[in-house]
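The structure under discussion appears below in the form of structure tokens.
The values are calculated or read from the model by the stated rules, or taken from the named source; none is laboratory data. Note that the coordinates shown come from a computational prediction; the quantities given were computed from them, not determined experimentally. Heads up, the Cβs are rebuilt from the backbone with ideal geometry, glycines too, and the neighbour counts pull from every protein chain shown.
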Amino acid sequence: MQKRISNLPFSGTPEQEEKLNAIIARHKDEKGAIMPCLQEAQEVYGYLPVEVQTMIARGLGVSLEEVFGVSTFYSQFSLTPKGRYNISVCLGTACYVKGAANVLDAITKNLGIQPEECTPDGLFSLTACRCIGACGLAPVMTINDEVYGRLVPEEVDGILEKYKNGDA
Amino acid sequence: MYRSNVLVCGGTGCTSSNSELIIQRLKEEIKAHGLEKEVNVIRTGCFGLCALGPIMVVYPEGAFYSMVKPDDVPEIVEEHLLKGRIVKRLLYQETVVDDNSVKSLNDTTFYGKQRRIALRNCGVINPENIDEYIAVDGYQALGKVLTEMTPQQVIDIMKASGLRGRGGAGFPTGLKWSFAAANQADQKYVCCNADEGDPGAFMDRSILEGDPHVVLESMAIAGYAIGASQGYIYVRAEYPIAVKRLQIAIDQAHEYGLLGNDIFGTGFNFDIQLRLGAGAFVCGEETALMTSIEGKRGEPRPRPPFPALKGLFQKPTILNNVETWANVTQIILNGPEWFKSIGTERSAGTKVFALGGKIKHTGLVEVPMGTTLREIVEEIGGGVPNGHTFKAAQTGGPSGGCIPASEMDVKIDYDNLLAIGAMMGSGGMIIMDDTTCMVDIAKFFLEFTVDESCGKCTPCRVGTRRLLEILNKITSGNGTLEDIDRLEKLCYYLKENSLCALGQTAPNPVLSTLKYFRDEYIAHVTEKRCPAGVCKALTNYYIDPAKCRGCTLCARNCPVGAITGSVKQPHVIDTQKCIKCGACMEKCKFGAIDKR
């Protein structure tokens, strides 16, 4: 899978760095520490800018190339920042058969962005994700932790409007 | 003792439709009526009938409430729990008999034909409480193994049971264990594959969410059998509820001395760690999974050496799938003969399927091997909804194939499915109807494998991309008959030359749709027509002059002005201008617009 890499300037805070150092210290002597470190670092920063990956590489005593190899391999790791509301449209088979592609089209039309992109105002980001296992509710999308099931494309505008107005 | 137990489904499906809020409201209402000493609320795992979620069952009556809303809770508490009157309005309608009495869930068509072994505790116990697991004979099999049996006896039982790996390939579990047991090493590992990556499959997740201890117990049994003291569970990070419940289960098992050092005072040590996957389909392949646990890019390794000799951290390792583990304790407790008596001769036991797509009862079903697809779709699944007809069932996800209507009476087991060009796979079963284009579905799976190919070997990295390009050419109306032959030839090349199962099985969706639905491919290239009306480039919108009232609504909504006509006269779509957005069809109040 191709990864988009952010070119926004890094804006990490000292508090975040302190948390990151604690994560590295906790996993340092573990076998296979890179993945847990990246997972927890993404929780702290929301994404994995190269500065964070450099700190992890130094902290674990491995090359940046090795860390970068892992972070670009797995789809869970994001090298671009997410919007305030991250929309994931499930494109698993059950959702696809029930018209998830039309739901995705309706969202891209409304927001003017493609999957893996973020709106210029930083409000929404969009992902086409793998099966989240809620096949009983197909087609499904999630906005942050909120799940919307049994969707039809016509509902999309109304749902997004709620978030734009700050009612959600 | 409580007089009533209220079980609320806490699986991912029902949680997504607000079952947490229902539990919260239940507790509040019960407290408000002063019933908290009489009525117990339990959050369970998945009941299986996800289409009707959120689900709530009240015992001892066994009243099965479906599609419960938080606002229904006060009525259920007031009427049922306080006054003892079942709220019939909210019951799963199939459990209501004509004379107004309620029948048992096991008599409904959805549950009646099922036999639950792997799912036996899902929707029955509270997965976050080890005492409830112990109350249903939990950890008894481990006790029996450690105190009464030798490791060899355990392996012999597993071999005799005929259990085959439920992850998809169907390798005999006992045999796998015996290989790892025979190899000497200072450290061996037992791994659980909970990286359920097939889109449309969710049985492993439901077992982890509904019955996490069974996986821990079975892994400890395997540890004893092969001489391993460390286990790893590799679980998808996308399954937060499963991860949380597994961690709770591990902590509780430690507290009870059922994991850790000197288990049951026998001197046997076994511990389990969780490892979170990060969203890579290839990590469901055994060698890639082990590379990923080692913290690296999850790329597969060539076999041999097989993991039983050199697996995780280069030590002998066995890896089994969640559903396989869920069968182990029952085989130990009930004996291999019992297990062998269920299912078919070469595929013993049951199989869990995640039923999805165009089917009435979406959900999880567990049936004995040898059940026919017709029984699953028409009886248990309740058939295809909205008056459409069954076209095919897709099993095995991106590695599998399609079972067409003509093969609906095949008895489903590992070998029969392979013989008709499909495969068992992990158990995702997506039902498709006449509105599904089979070329489009093959393209959908290829898009998936192109994305998920790890890139290590050329046949898979480049081959899947070339396959997708040919499919795109066909669905965009530019294909030729030679393209179909080229497509088929390339499929066989990929099967023979790819390094791991991902590339070897990636062509299966194409090959099986070519086998059974070649006419659809041919219609796409020769007639430039998509019979199911899915492929946009080949579909045109038309207005039926007999139905059109000339209301002008479609013309006003067309973004490119492709629709013309005067008021109260039938309108016409200029197919040259039309961008096929479908806006007119959505807006038409008379159903006059059709695509074909």
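When every residue of segment B:461-473 is checked against the conditions, none turns out to be more than 25 Å from residue B:391 (Cβ to Cβ) and part of a loop (DSSP other than H, G, I, E, B). Specify the residue that is nearest to the other protein chains (Cβ to nearest Cβ); the eligible residues are those in segment A:140-160 that are touching a Leu at 6+ places or on another chain (Cβ under 8 Å) and closer than 30 Å to residue A:5 by Cβ. Among those residues, the one meeting the criterion is A:147.
Exactly one residue out of B:421, B:477, B:382, B:425 is outside the structural domain of residue B:362 (by TED's automatic domain parsing) and on the phi > 0 side of the Ramachandran plot: that is B:477. What do you reckon, is residue A:97 modelled with pLDDT of 95 or more, crowded, with 23+ Cβ neighbours inside 10 Å and either more than 25 Å from residue B:283 (Cα to Cα) or within 13 Å of chain B (Cβ to nearest Cβ) (or both)? The answer is no for residue A:97. Filtered by the rule that a residue be closer than 27 Å to residue B:392 by Cα and either more than 11 Å from every other protein chain (Cβ to nearest Cβ) or charged (D, E, K, R) (or both), segment B:450-460 gives B:451, B:452, B:460.
A residue that is surrounded by 24 or more Cβ atoms within 10 Å (Cβ to Cβ), in contact with a Phe, Trp or Tyr (Cβ under 6 Å, 6 or more places away or on another chain), in a loop (DSSP other than H, G, I, E, B) and not small (Gly, Ala, Ser) can be found somewhere in segment B:416-432.
Taking only segment B:238-256 into account, find how many residues are buried (at least 17 other Cβ atoms within 10 Å of the Cβ) and either part of a strand (DSSP E or B) or of a type outside the set (Ser, Thr, Tyr) (or both).
Within segment B:238-256, the subset buried (at least 17 other Cβ atoms within 10 Å of the Cβ) is B:238-239, B:241-243, B:245-246, B:249-250, B:252-253.
Imposing the further condition that a residue be either part of a strand (DSSP E or B) or of a type outside the set (Ser, Thr, Tyr) (or both) reduces the set to B:238, B:241-243, B:245-246, B:249-250, B:252-253.
Residues flagged as buried (at least 17 other Cβ atoms within 10 Å of the Cβ) and either part of a strand (DSSP E or B) or of a type outside the set (Ser, Thr, Tyr) (or both) within segment B:238-256 amount to 10.
All of B:185, B:181 fail the test of being more than 18 Å from residue B:356 (Cβ to Cβ), away from chain A (no Cβ under 14 Å) and assigned to a loop (DSSP other than H, G, I, E, B), apart from B:185. Somewhere in segment A:118-139, is a residue aliphatic (A, V, I, L, M), under 20 Å from residue A:80 (Cβ atoms), part of a loop (DSSP other than H, G, I, E, B) and modelled with pLDDT of 90 or more? The answer is yes; a qualifying residue exists. Taking (1) at pLDDT 95 or above; (2) in contact with a strand residue (DSSP E or B) (Cβ under 6 Å, 6 or more places away or on another chain) in turn, residue B:211 satisfies each apart from (2). Look at (1) more than 14 Å from every other protein chain (Cβ to nearest Cβ); (2) out of contact with any Gly (no Cβ under 8 Å at 6 or more places or on another chain) and you find that residue B:204 fails only one, number (1).
Is there a residue being within 14 Å of chain A (Cβ to nearest Cβ) and of a type in the set (Val, Ile, Thr) anywhere in segment B:262-269? Among the residues of segment B:262-269, not one is within 14 Å of chain A (Cβ to nearest Cβ) and of a type in the set (Val, Ile, Thr), which makes the answer no. The numbered conditions (1) small (Gly, Ala, Ser); (2) surrounded by fewer than 20 Cβ atoms within 10 Å (Cβ to Cβ); (3) over 29 Å from the mean Cα position of the chain (by Cα) are all true for residue B:455 except (3).
Of everything in segment B:235-268 that's of a type in the set (Phe, Trp, Tyr) and more than 22 Å from the chain's Cα centre (by Cα), which residue is nearest to residue B:210 (Cα to Cα)?
Once the filter is applied, the top-ranked residue is B:256.
Across segment B:362-374, what is the total count of residues that are in a strand (DSSP E or B) and within 14 Å of another protein chain (Cβ to nearest Cβ)?
Within segment B:362-374, the subset in a strand (DSSP E or B) is B:363-368, B:372.
Now restrict to residues that are within 14 Å of another protein chain (Cβ to nearest Cβ): B:363-365.
Qualifying residue count for the region: 3.
Filter the strands (runs of 3 or more DSSP E) completely within segment B:257-361 down to those with at least 3 residues that are surrounded by fewer than 24 Cβ atoms within 10 Å (Cβ to Cβ) and not aliphatic (A, V, I, L, M).
Details: elements: B:260-263, B:268-277, B:317-321, B:350-357.
In segment B:257-361, B:260-263, B:268-277 are the strands (runs of 3 or more DSSP E) which contain 3 or more residues that are surrounded by fewer than 24 Cβ atoms within 10 Å (Cβ to Cβ) and not aliphatic (A, V, I, L, M).
Among the residues of segment B:565-583, those that are within 13 Å of residue B:554 (Cβ to Cβ), within 14 Å of another protein chain (Cβ to nearest Cβ) and hydrophobic (A, V, I, L, M, F, W, C) comprise B:581, B:583.
Exactly one residue out of B:436, B:372 is farther than 22 Å from residue B:518 by Cα and of a type in the set (S, T, N, Q), and it is B:372. Quick check: anything in segment B:538-561 within 14 Å of chain A (Cβ to nearest Cβ), closer than 28 Å to residue B:394 by Cβ and in contact with a Cys (Cβ under 6 Å, 6 or more places away or on another chain)? Among the residues of segment B:538-561, at least one is within 14 Å of chain A (Cβ to nearest Cβ), closer than 28 Å to residue B:394 by Cβ and in contact with a Cys (Cβ under 6 Å, 6 or more places away or on another chain), which makes the answer yes. Residue count for segment B:338-361 under the criterion of being more than 10 Å from chain A (Cβ to nearest Cβ), under 21 Å from residue B:415 (Cα atoms) and of a type outside the set (S, T, N, Q): the result is 11. Of everything in segment A:33-47 that's assigned to a helix (DSSP H, G or I) and at the interface with another protein chain (Cβ under 7 Å from one of its Cβ atoms), which residue is surrounded by the fewest Cβ atoms within 10 Å (Cβ to Cβ)? So, considering only residues that are assigned to a helix (DSSP H, G or I) and at the interface with another protein chain (Cβ under 7 Å from one of its Cβ atoms), the one surrounded by the fewest Cβ atoms within 10 Å (Cβ to Cβ) is A:39.
Taking the stated definitions as given, is residue B:554 crowded, with 18+ Cβ neighbours inside 10 Å, more than 22 Å from residue B:388 (Cα to Cα) and within 45 Å of the chain's Cα centre (by Cα)? Answer is yes for this residue.
Of all residues in segment B:375-398, which are part of a helix (DSSP H, G or I) and more than 12 Å from chain A (Cβ to nearest Cβ)? Walk me through it before giving the result.
The first filter runs over segment B:375-398 and keeps only residues part of a helix (DSSP H, G or I), leaving B:375-380, B:397-398.
Answer for segment B:375-398, where residues must be part of a helix (DSSP H, G or I) and more than 12 Å from chain A (Cβ to nearest Cβ): B:375, B:376, B:377, B:378, B:379, B:380.
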